[in-house]
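The block underneath contains the structure these notes are about, expressed in C-alpha coordinates.
The values are calculated or read from the model by the stated rules, or taken from the named source; none is laboratory data. Being a predicted model, the structure only gives us computed values, none of them experimental. Heads up, the Cβs are rebuilt from the backbone with ideal geometry, glycines too, and the neighbour counts pull from every protein chain shown.
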Amino acid sequence: MIDELGIAIKAREFIKRCGPLALPVSVDAYASQIGGEVIKETLEENEDAWSFRDKGGKYRICVNCAHNARRQRFSVCHEVAHVALEIASDHSTPSWSYSRRPPGEIACDVFAAELLLPYQLFKPRVNGAGMSIAAIGSLADEFDASLISTGSRFATFSRELCAFVVSEGGKVRYSARSARLREAKGWIRPGSPLPTDSYSARLRAGERPSGAEDADPDSWLEDWARDGALFEDALHLGHWDQTLTLLWFDDEQLAAPAPERKQWDEDRYKLRELDGVLPWPSGKKRR
(Lines give C-alpha, C1' and ligand atoms only; values in the text may rest on other atoms or scores of the structure.)
Protein backbone atom coordinates (compact mmCIF):
# COMPACT_ATOMS: atom_id res chain seq x y z
CA MET A 1 0.00 0.00 0.00
CA ILE A 2 1.32 3.46 -0.92
CA ASP A 3 2.24 5.66 2.05
CA GLU A 4 0.54 8.95 2.95
CA LEU A 5 3.24 11.12 1.37
CA GLY A 6 2.99 9.16 -1.87
CA ILE A 7 -0.78 9.59 -1.86
CA ALA A 8 -0.42 13.36 -1.36
CA ILE A 9 2.04 13.61 -4.26
CA LYS A 10 -0.29 11.68 -6.56
CA ALA A 11 -3.24 13.88 -5.52
CA ARG A 12 -1.31 17.09 -6.23
CA GLU A 13 -0.27 15.79 -9.64
CA PHE A 14 -3.91 14.96 -10.33
CA ILE A 15 -4.99 18.48 -9.31
CA LYS A 16 -2.45 20.05 -11.69
CA ARG A 17 -3.99 18.16 -14.59
CA CYS A 18 -7.39 19.67 -13.75
CA GLY A 19 -6.22 23.24 -14.44
CA PRO A 20 -6.65 26.43 -12.36
CA LEU A 21 -8.51 26.10 -9.06
CA ALA A 22 -11.20 28.31 -7.56
CA LEU A 23 -12.86 28.01 -4.16
CA PRO A 24 -14.68 25.90 -3.41
CA VAL A 25 -13.09 23.41 -5.82
CA SER A 26 -15.30 21.74 -8.41
CA VAL A 27 -15.72 18.05 -7.69
CA ASP A 28 -17.41 17.70 -11.08
CA ALA A 29 -14.12 18.79 -12.69
CA TYR A 30 -12.32 16.06 -10.76
CA ALA A 31 -14.89 13.50 -11.94
CA SER A 32 -14.46 14.70 -15.54
CA GLN A 33 -10.70 14.19 -15.25
CA ILE A 34 -11.28 10.42 -14.94
CA GLY A 35 -13.97 10.45 -17.62
CA GLY A 36 -16.73 10.39 -15.05
CA GLU A 37 -20.09 11.92 -14.28
CA VAL A 38 -21.73 12.55 -10.90
CA ILE A 39 -25.26 11.23 -10.38
CA LYS A 40 -27.31 11.77 -7.21
CA GLU A 41 -29.41 8.81 -6.12
CA THR A 42 -31.26 7.46 -3.09
CA LEU A 43 -28.96 4.89 -1.49
CA GLU A 44 -28.91 2.99 1.79
CA GLU A 45 -28.60 5.26 4.86
CA ASN A 46 -24.95 4.37 5.59
CA GLU A 47 -23.94 4.13 1.92
CA ASP A 48 -22.06 7.20 0.71
CA ALA A 49 -21.47 6.42 -2.93
CA TRP A 50 -20.66 3.74 -5.45
CA SER A 51 -19.27 3.85 -8.97
CA PHE A 52 -18.95 1.82 -12.15
CA ARG A 53 -18.03 2.11 -15.81
CA ASP A 54 -20.98 1.80 -18.20
CA LYS A 55 -20.89 0.01 -21.54
CA GLY A 56 -19.81 3.21 -23.27
CA GLY A 57 -16.77 3.54 -21.01
CA LYS A 58 -18.25 6.42 -19.01
CA TYR A 59 -17.47 6.33 -15.31
CA ARG A 60 -20.62 6.84 -13.22
CA ILE A 61 -20.28 8.11 -9.65
CA CYS A 62 -23.55 7.68 -7.75
CA VAL A 63 -23.72 9.65 -4.48
CA ASN A 64 -26.36 9.48 -1.77
CA CYS A 65 -28.70 12.44 -2.26
CA ALA A 66 -29.92 12.05 1.34
CA HIS A 67 -26.53 13.11 2.72
CA ASN A 68 -25.52 16.73 3.19
CA ALA A 69 -23.72 18.53 0.38
CA ARG A 70 -20.29 18.43 2.01
CA ARG A 71 -20.48 14.71 2.59
CA GLN A 72 -21.50 14.27 -1.04
CA ARG A 73 -18.51 16.33 -2.21
CA PHE A 74 -16.13 14.20 -0.17
CA SER A 75 -17.79 11.03 -1.46
CA VAL A 76 -17.21 12.10 -5.07
CA CYS A 77 -13.53 12.78 -4.36
CA HIS A 78 -13.25 9.45 -2.55
CA GLU A 79 -14.63 7.60 -5.59
CA VAL A 80 -12.26 9.54 -7.86
CA ALA A 81 -9.43 8.38 -5.59
CA HIS A 82 -10.32 4.72 -6.14
CA VAL A 83 -9.76 5.23 -9.87
CA ALA A 84 -6.67 7.43 -9.59
CA LEU A 85 -4.98 5.12 -7.05
CA GLU A 86 -6.32 1.93 -8.66
CA ILE A 87 -7.66 0.69 -5.31
CA ALA A 88 -10.73 -1.57 -5.23
CA SER A 89 -13.63 -0.47 -3.03
CA ASP A 90 -14.19 -2.10 0.36
CA HIS A 91 -17.27 -0.61 2.01
CA SER A 92 -17.58 -3.21 4.76
CA THR A 93 -17.58 -0.49 7.43
CA PRO A 94 -19.42 2.89 7.49
CA SER A 95 -17.34 5.75 6.10
CA TRP A 96 -17.90 7.88 9.22
CA SER A 97 -16.43 5.22 11.50
CA TYR A 98 -12.68 4.98 12.15
CA SER A 99 -13.06 1.57 13.76
CA ARG A 100 -11.58 -1.22 11.64
CA ARG A 101 -11.59 0.95 8.50
CA PRO A 102 -9.78 -0.86 5.64
CA PRO A 103 -6.36 0.60 4.67
CA GLY A 104 -7.46 1.11 1.06
CA GLU A 105 -10.42 3.20 2.14
CA ILE A 106 -8.20 5.29 4.43
CA ALA A 107 -5.82 5.88 1.50
CA CYS A 108 -8.72 7.12 -0.63
CA ASP A 109 -9.84 9.39 2.22
CA VAL A 110 -6.36 10.97 2.29
CA PHE A 111 -6.48 11.50 -1.48
CA ALA A 112 -9.99 12.97 -1.26
CA ALA A 113 -8.93 15.43 1.46
CA GLU A 114 -6.07 16.60 -0.78
CA LEU A 115 -8.54 17.23 -3.59
CA LEU A 116 -11.03 19.13 -1.43
CA LEU A 117 -8.42 21.16 0.47
CA PRO A 118 -5.59 21.68 -2.05
CA TYR A 119 -2.26 22.39 -0.38
CA GLN A 120 -1.45 25.47 -2.47
CA LEU A 121 -4.70 27.16 -1.42
CA PHE A 122 -5.15 25.73 2.07
CA LYS A 123 -1.68 26.12 3.62
CA PRO A 124 -1.55 29.97 3.38
CA ARG A 125 -4.94 30.19 5.08
CA VAL A 126 -3.81 27.91 7.90
CA ASN A 127 -0.78 30.16 8.44
CA GLY A 128 -3.08 33.16 8.93
CA ALA A 129 -5.74 31.47 11.06
CA GLY A 130 -6.14 31.47 14.84
CA MET A 131 -6.08 28.32 16.96
CA SER A 132 -9.68 27.31 17.60
CA ILE A 133 -12.44 24.98 16.45
CA ALA A 134 -14.21 28.12 15.17
CA ALA A 135 -11.24 28.90 12.89
CA ILE A 136 -11.39 25.36 11.52
CA GLY A 137 -15.13 25.82 10.97
CA SER A 138 -14.53 29.01 8.97
CA LEU A 139 -12.03 27.22 6.74
CA ALA A 140 -14.47 24.34 6.31
CA ASP A 141 -17.08 26.84 5.12
CA GLU A 142 -14.66 28.49 2.69
CA PHE A 143 -13.58 25.16 1.17
CA ASP A 144 -17.03 23.55 1.50
CA ALA A 145 -15.48 20.57 3.28
CA SER A 146 -16.21 18.60 6.45
CA LEU A 147 -14.90 19.63 9.85
CA ILE A 148 -12.97 16.37 10.20
CA SER A 149 -11.15 16.76 6.87
CA THR A 150 -10.47 20.44 7.49
CA GLY A 151 -9.33 19.93 11.09
CA SER A 152 -7.00 17.09 10.19
CA ARG A 153 -5.27 19.09 7.46
CA PHE A 154 -5.27 22.22 9.65
CA ALA A 155 -3.16 20.41 12.26
CA THR A 156 -0.96 18.72 9.68
CA PHE A 157 0.00 22.04 8.06
CA SER A 158 0.08 24.22 11.19
CA ARG A 159 3.34 25.89 12.23
CA GLU A 160 2.34 25.48 15.89
CA LEU A 161 2.72 22.48 18.21
CA CYS A 162 -0.82 21.20 17.81
CA ALA A 163 -2.99 18.16 17.18
CA PHE A 164 -6.50 17.53 15.91
CA VAL A 165 -8.04 14.50 17.59
CA VAL A 166 -11.08 12.53 16.41
CA SER A 167 -12.71 10.41 19.12
CA GLU A 168 -15.57 8.00 18.64
CA GLY A 169 -17.61 6.49 21.45
CA GLY A 170 -15.37 8.24 23.96
CA LYS A 171 -12.15 6.70 22.59
CA VAL A 172 -9.43 8.26 20.44
CA ARG A 173 -9.62 6.87 16.92
CA TYR A 174 -7.30 9.19 15.03
CA SER A 175 -5.07 12.20 15.56
CA ALA A 176 -3.37 14.52 13.08
CA ARG A 177 -0.26 16.23 14.47
CA SER A 178 1.76 19.16 13.21
CA ALA A 179 5.36 18.59 12.16
CA ARG A 180 6.60 20.42 15.25
CA LEU A 181 4.56 18.25 17.61
CA ARG A 182 5.80 15.11 15.87
CA GLU A 183 9.38 16.35 16.19
CA ALA A 184 8.74 16.99 19.90
CA LYS A 185 7.57 13.36 20.17
CA GLY A 186 4.03 14.35 21.16
CA TRP A 187 2.10 11.09 20.81
CA ILE A 188 -1.63 10.49 21.34
CA ARG A 189 -2.38 6.79 21.56
CA PRO A 190 -5.26 5.52 19.39
CA GLY A 191 -7.84 3.60 21.39
CA SER A 192 -7.19 5.52 24.59
CA PRO A 193 -10.27 6.96 26.37
CA LEU A 194 -10.90 10.68 26.44
CA PRO A 195 -9.08 12.03 29.50
CA THR A 196 -11.33 12.13 32.56
CA ASP A 197 -12.62 15.64 33.29
CA SER A 198 -11.13 17.01 30.04
CA TYR A 199 -13.16 19.62 28.19
CA SER A 200 -13.77 17.06 25.42
CA ALA A 201 -15.06 14.43 27.84
CA ARG A 202 -17.35 16.93 29.54
CA LEU A 203 -18.82 18.04 26.21
CA ARG A 204 -19.51 14.42 25.34
CA ALA A 205 -21.26 14.05 28.70
CA GLY A 206 -23.59 16.91 27.80
CA GLU A 207 -21.88 20.07 29.07
CA ARG A 208 -22.55 23.18 26.98
CA PRO A 209 -19.59 24.52 24.94
CA SER A 210 -17.81 27.40 26.65
CA GLY A 211 -14.66 27.94 24.60
CA ALA A 212 -11.05 26.85 24.85
CA GLU A 213 -9.55 26.11 28.24
CA ASP A 214 -6.36 24.85 29.87
CA ALA A 215 -5.60 21.16 29.48
CA ASP A 216 -3.28 18.69 31.22
CA PRO A 217 -0.51 17.62 28.77
CA ASP A 218 0.10 14.38 30.68
CA SER A 219 -3.51 13.28 30.28
CA TRP A 220 -3.41 13.66 26.47
CA LEU A 221 0.21 13.00 25.46
CA GLU A 222 1.97 9.75 26.24
CA ASP A 223 5.34 10.00 28.02
CA TRP A 224 5.38 13.78 27.63
CA ALA A 225 8.40 15.16 29.50
CA ARG A 226 8.20 18.91 28.86
CA ASP A 227 6.52 21.61 30.92
CA GLY A 228 4.28 24.09 29.15
CA ALA A 229 0.75 25.44 28.81
CA LEU A 230 -1.55 23.23 26.73
CA PHE A 231 -4.93 24.48 25.50
CA GLU A 232 -7.96 22.49 24.39
CA ASP A 233 -10.96 23.38 22.25
CA ALA A 234 -13.57 20.83 21.26
CA LEU A 235 -16.87 20.07 19.56
CA HIS A 236 -19.09 17.02 20.12
CA LEU A 237 -21.14 15.55 17.25
CA GLY A 238 -23.87 13.68 19.06
CA HIS A 239 -25.41 11.98 16.02
CA TRP A 240 -22.23 9.94 15.45
CA ASP A 241 -20.95 10.14 19.04
CA GLN A 242 -17.79 11.74 17.72
CA THR A 243 -15.73 14.35 19.56
CA LEU A 244 -13.41 16.69 17.68
CA THR A 245 -10.57 18.14 19.75
CA LEU A 246 -7.95 20.75 18.93
CA LEU A 247 -4.90 20.80 21.22
CA TRP A 248 -2.07 23.31 21.07
CA PHE A 249 0.83 24.59 23.18
CA ASP A 250 1.68 28.16 24.06
CA ASP A 251 5.18 28.59 22.59
CA GLU A 252 6.14 31.20 25.16
CA GLN A 253 5.49 28.81 28.05
CA LEU A 254 6.82 25.60 26.50
CA ALA A 255 10.01 24.44 28.15
CA ALA A 256 12.92 23.13 26.09
CA PRO A 257 13.49 19.37 26.11
CA ALA A 258 15.41 18.09 29.12
CA PRO A 259 19.11 17.58 28.25
CA GLU A 260 20.23 14.00 27.84
CA ARG A 261 22.56 12.85 30.58
CA LYS A 262 25.99 11.60 29.51
CA GLN A 263 26.84 8.00 30.21
CA TRP A 264 29.19 7.80 33.23
CA ASP A 265 31.30 4.90 34.46
CA GLU A 266 30.32 4.87 38.15
CA ASP A 267 32.51 1.85 38.96
CA ARG A 268 35.56 3.70 37.71
CA TYR A 269 34.86 7.17 39.06
CA LYS A 270 32.63 6.21 42.04
CA LEU A 271 30.52 9.39 41.70
CA ARG A 272 28.22 10.21 38.81
CA GLU A 273 29.24 13.23 36.75
CA LEU A 274 27.60 16.47 37.87
CA ASP A 275 25.47 17.65 34.96
CA GLY A 276 23.27 20.32 36.56
CA VAL A 277 20.17 18.11 36.45
CA LEU A 278 18.83 17.51 39.94
CA PRO A 279 17.95 13.86 40.65
CA TRP A 280 14.74 14.52 42.61
CA PRO A 281 11.27 15.05 41.06
CA SER A 282 10.44 18.44 39.58
CA GLY A 283 7.21 18.75 41.56
CA LYS A 284 5.07 18.57 38.43
CA LYS A 285 1.96 16.55 39.13
CA ARG A 286 1.31 13.54 36.91
CA ARG A 287 -1.76 11.40 36.69
Subset of the stretch 167-195 (residues that are among the aliphatic types (A, V, I, L, M) and modelled with pLDDT of 95 or more): V172, A176, A179, L181, I188, L194
Residue in the stretch 162-169 that is assigned to a loop (DSSP other than H, G, I, E, B) and not hydrophobic (A, V, I, L, M, F, W, C) present: yes
Residue satisfying condition, being modelled with pLDDT of 95 or more, crowded, with 24+ Cβ neighbours inside 10 Å and either over 22 Å from S26 (Cβ atoms) or out of contact with any Phe, Trp or Tyr (no Cβ under 7 Å at 6 or more places or on another chain) (or both), within set S75, S158, S138: S158
Check on T196, polar (S, T, N, Q) and either touching a strand residue (DSSP E or B) at 6+ places or on another chain (Cβ under 9 Å) or within 28 Å of H67 (Cβ to Cβ) (or both): no
Number of the condition not met by T93 [criteria: (1) at pLDDT 80 or above; (2) within 27 Å of P190 (Cβ to Cβ)]: (1)
Pairs, first under 22 Å from I9 (Cβ atoms) and assigned to a helix (DSSP H, G or I) in the stretch 69-88, second modelled with pLDDT under 90 and of a type outside the set (A, V, I, L, M), C-beta under 6 Å, six or more apart: E79/S51; H82/S89
Test: residue in the stretch 162-170 that is over 23 Å from W240 (Cβ atoms) and either without any contact (Cβ under 8 Å) to a residue 12 or more places away in the chain or surrounded by fewer than 18 Cβ atoms within 10 Å (Cβ to Cβ) (or both): no
Matching residues in the stretch 183-212 - criterion: being in contact with a Lys or Arg (Cβ under 7 Å, 6 or more places away or on another chain) and not in a loop (DSSP other than H, G, I, E, B): P193
The stretch 111-133: number of residues that are surrounded by 15 or more Cβ atoms within 10 Å (Cβ to Cβ) and part of a helix (DSSP H, G or I): 13
